[in-house]
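Just below is one structure, and these are the notes that go with it.
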Amino acid sequence: MKKQSRWGLARGFSLIELMMVIVIVSILTAIAYPSYMKSVTKSRRSVALAALQDIANLQEQYFLNNKTYTTDFTDIGLVANYYINNEGTLVAAASSDRVYQITLANVSTTAFDVVATPQLAQASNDTLCGTMTLSRDGTRAVSGTGTVSDCW
């Protein structure tokens, strides 16, 4: 027999009420979690885009001073292996916080590409954009299933 309060109502929750709360919370979680992960992936992508533009600017400054582009990050004041975390901070190649590797490709005396390659969880979560490339002339490219306008 349930103990009743002084107003004549039973105290506590029934198993049915508890199960209904669990079902409602599960449904809300199933809806919210994918949206949250999409937002995290997109914010990490924006950090990589900023890094691409920063490095392209450093390459242009190097070109003004030397009349050629460099293939070496150390020439423009960066470290050789350039990995960034979700805040855009430089991290070690072995770091579990790295989300993008930034590299230079197709470098010549008159052209270059800056490439952001997703790492770890970002690589599996960002199939829309994949590897993003910014060329000297401002041309943008992605290797994923999306279009450039989806990613930039």
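Summary table below
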item: Residue under evaluation N66, criteria (1) of a type outside the set (D, E); (2) in contact with an Asp or Glu (Cβ under 9 Å, 6 or more places away or on another chain); (3) touching a residue at least 12 places away in the same chain (Cβ under 8 Å), criterion not met; result: (3)
item: Criterion (surrounded by fewer than 17 Cβ atoms within 10 Å (Cβ to Cβ) and either closer than 19 Å to M37 by Cα or touching a Cys at 6+ places or on another chain (Cβ under 8 Å) (or both)) met by exactly one of L64, L128; result: L128
item: So V114, is it in contact with a strand residue (DSSP E or B) (Cβ under 7 Å, 6 or more places away or on another chain), without any contact (Cβ under 8 Å) to a residue 40 or more places away in the chain and hydrophobic (A, V, I, L, M, F, W, C); result: no
item: Residues that are touching a residue at least 24 places away in the same chain (Cβ under 8 Å) and either outside any helix (DSSP H, G or I) or open to solvent by 50 Å² or more (accessible area, probe 1.4 Å) (or both), drawn from the range 45-59; result: Q53
item: Residues (surrounded by 18 or more Cβ atoms within 10 Å (Cβ to Cβ) and over 15 Å from the mean Cα position of the chain (by Cα)) located in the range 131-152; result: L134, R136
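The values are calculated or read from the model by the stated rules, or taken from the named source; none is laboratory data. Because the structure is predicted, anything quoted here is derived from the model rather than measured. For neighbour counting, all protein chains shown are included, and Cβ atoms are generated from backbone atoms with ideal geometry for every residue, glycine included. All accessible areas refer to the heavy atoms of the entire protein, side chains included, with ligands and DNA or RNA removed. Shrake-Rupley method; radii C 1.70, N 1.55, O 1.52, S 1.80 Å.
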